[in-house]
1. Can you tell me which of 51-58, 10-17 comes out highest on packing, and rank the rest after it, using the mean Cβ neighbours within 10 Å?
2. Calculate the spin-label point distance for LYS43 paired with ASP66, positioning each point 7 Å from the Cα along the beta-carbon direction, and give it in nanometres.
3. For SER55, what charge total do you get from the other residues with a beta carbon under 9 Å from its beta carbon, if Lys and Arg give +1 and Asp and Glu give -1?
4. Find out how many positive minus negative residues lie around GLU27, taking Lys and Arg as positive, Asp and Glu as negative, among other residues whose Cβ is under 12 Å from that of GLU27.
5. What's the local net charge at SER65, with K and R +1, D and E -1, over the other residues with C-beta under 9 Å away?
6. Residue by residue through the range 24-31, which ³J(HN,Hα) values in whole Hz follow from phi under the Karplus form 6.51 cos²θ - 1.76 cosθ + 1.60 (θ = phi - 60°), with glycine and proline marked x?
Amino acid sequence: MSAEELAVRLQANNFLTPHQADLIRTEKTSYEKNQKLIDFVQKRGPEVFRCFMKSLKETGQKNISDKLMEERKLIAERKNMRFSTSSRMCSTNDNLLRYVFVVKKRY
């Protein structure tokens, strides 16, 4: 995953501040940059997540976007199955963004 490209797009759409984009860019490793980007996306909500997913496709990372959408469907299905037995669930997007770490290590 190219966190710097995604940060530029999220900043251009006013979903990241210039300071947040700089914090991503100044991380030393790709892993740390990805972690920082995901942390910001998680905190900003569903609209930012949609822009994040769109940006993945636009930056030639459709394979990651596709994998995330597949995982999102699975998480939603599991959440719906467990909804009646547990009131403490993470949001689907939070679980999905955690999954990014698994996917990004492959690419």
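Where a number appears in this text, it was derived from the coordinates with a stated rule and is not lab data. All of these numbers come straight from a predicted model, not from anything done at the bench. Glycine also receives a Cβ, built like all others from the backbone with ideal geometry; neighbour counts cover every protein chain displayed.
1. For the peptides 51-58, 10-17, the packing ranking is 51-58, 10-17.
2. 3.3
3. Details: positive: ARG9, LYS54, LYS57; negative: GLU5, GLU58.
Cβ neighbours under 9 Å give a net charge of +1.
4. On the way: positive: ARG25, LYS28, LYS33, LYS36; negative: GLU4, ASP22, GLU32, ASP39.
Residues near GLU27 contribute 0 overall.
5. Working: positive: LYS54, LYS57, LYS62, LYS67; negative: ASP66.
Overall, the nearby charge balance is +3.
6. Here the 3J(HN,Hα) series is 5, 4, 7, 5, 7, 10, 4, 4 Hz.
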